[in-house]
Amino acid sequence: MIHNRLETLVDEMLEGHILLDEAMCEFEKLYIKKALARHKQHISNTAAILGIHRNTLAKRVATYKRQERKPAKQAKA
């Protein structure tokens, strides 16, 4: 079931000329965001479920937050 859904999504992304790097970054960001939501934003628990160190997860979350703020600042300029 998930394989079919992924195939459909990949087809849509290829038709939209989405680069592999962009697709992988967006997938990782959404995957982490959803995992954090499931674990009530608890970094250590989420990191354990994802199989990564909590410091790695914290750094990625901080990077995502900086990226989200950056377009907002550019829109004001």
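I'd like to know if region 48-68 contains one or more residues that are aromatic (Phe, Trp, Tyr), surrounded by 10 or more Cβ atoms within 10 Å (Cβ to Cβ) and at pLDDT 95 or above. No, that holds for no residue.
I need the full set of residues from region 1-22 which are surrounded by 10 or more Cβ atoms within 10 Å (Cβ to Cβ) and closer than 16 Å to residue 64 by Cβ, in order please. Within region 1-22, 22 is the sole residue that qualifies. Restricting region 23-47 to residues that are among the charged types (D, E, K, R) and farther than 19 Å from residue 67 by Cα leaves a set whose member that is farthest from the chain's Cα centre (by Cα) is 40. Where helices (runs of 4 or more DSSP H) fall wholly inside region 1-51, the ranges with 3 or more residues that are of a type in the set (Asp, Glu) are 2-15, 20-38.
The values are calculated or read from the model by the stated rules, or taken from the named source; none is laboratory data. Just so it is clear, the structure is predicted and the values come from calculations on it, not from any experiment. As a convention, Cβ positions derive from the backbone with ideal geometry for all residues, glycine included, and neighbour counts pool all protein chains shown.
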